[in-house]
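Below you'll find the structure, written out as structure tokens, and then a few comments.
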Amino acid sequence: MQTENDENGQADNFSMDPQLERQVETIRNLVDSYMSIINKCIRDLIPKTIMHLMINNVKEFINAELLAHLYSSEDQNTLMEESAEQAQRRDEMLRMYQALKEALAIIGDISTSTVSTPAPPPVDDSWLQQARR
């Protein structure tokens, strides 16, 4: 019976002490804040970790399986040949490059050889307006 009274008395003392209650509340707030920070960090790291693991697995698969299959093919020189479509596109781009280069040269010649003259003063047509009246 005495121990129950002591425990109840201590519980009453703890709840009665406002400084201790403030400290407990401060610690509770700090722990809640810490846990929310940890929760946010974990939520941020989970997708990153999953993507990291997926990319590493794909990279290992490419290095192990696909490259081995690619190198085991009969003629590796045919793999490095340019396709007909790509060759045609490259030729078109070269022709366009040459045409644009010539156009820039022509524009450069025109702008350096052109002499600009100031615009003439406006025409005084006040005598026409007077004649109409």
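The values are calculated or read from the model by the stated rules, or taken from the named source; none is laboratory data. The model shown is predicted, which means the values in this text are computed figures rather than measured ones. Here the Cβ positions follow ideal geometry from the backbone for every residue, glycine too, while neighbour counts run over all protein chains shown. Side chains included, ligands, DNA and RNA excluded: accessible areas come from the protein's heavy atoms. Shrake-Rupley method; radii C 1.70, N 1.55, O 1.52, S 1.80 Å.
Observations, loosely collected:
- The set of residues from segment 110-133 being assigned to a loop (DSSP other than H, G, I, E, B) and either hydrophobic (A, V, I, L, M, F, W, C) or within 34 Å of the chain's Cα centre (by Cα) (or both) comprises Val115, Ala119, Val123.
- Against the conditions (1) surrounded by 10 or more Cβ atoms within 10 Å (Cβ to Cβ); (2) over 35 Å from the mean Cα position of the chain (by Cα), Met54 satisfies every one except (2).
Listed here are the residues, each with its yes/no results for (1) in a loop (DSSP other than H, G, I, E, B); (2) open to solvent by less than 90 Å² (accessible area, probe 1.4 Å); (3) charged (D, E, K, R); (4) without any contact (Cβ under 8 Å) to a residue 24 or more places away in the chain.
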{"position": "Glu65", "(1), (2), (3), (4)": "no, no, yes, yes"}
{"position": "Ala68", "(1), (2), (3), (4)": "no, yes, no, yes"}
{"position": "Ser73", "(1), (2), (3), (4)": "yes, yes, no, yes"}
{"position": "Glu82", "(1), (2), (3), (4)": "yes, no, yes, yes"}
{"position": "Glu85", "(1), (2), (3), (4)": "no, no, yes, yes"}
{"position": "Gln88", "(1), (2), (3), (4)": "no, no, no, yes"}
{"position": "Asp91", "(1), (2), (3), (4)": "no, yes, yes, yes"}
{"position": "Arg95", "(1), (2), (3), (4)": "no, no, yes, yes"}
{"position": "Gly108", "(1), (2), (3), (4)": "no, yes, no, yes"}
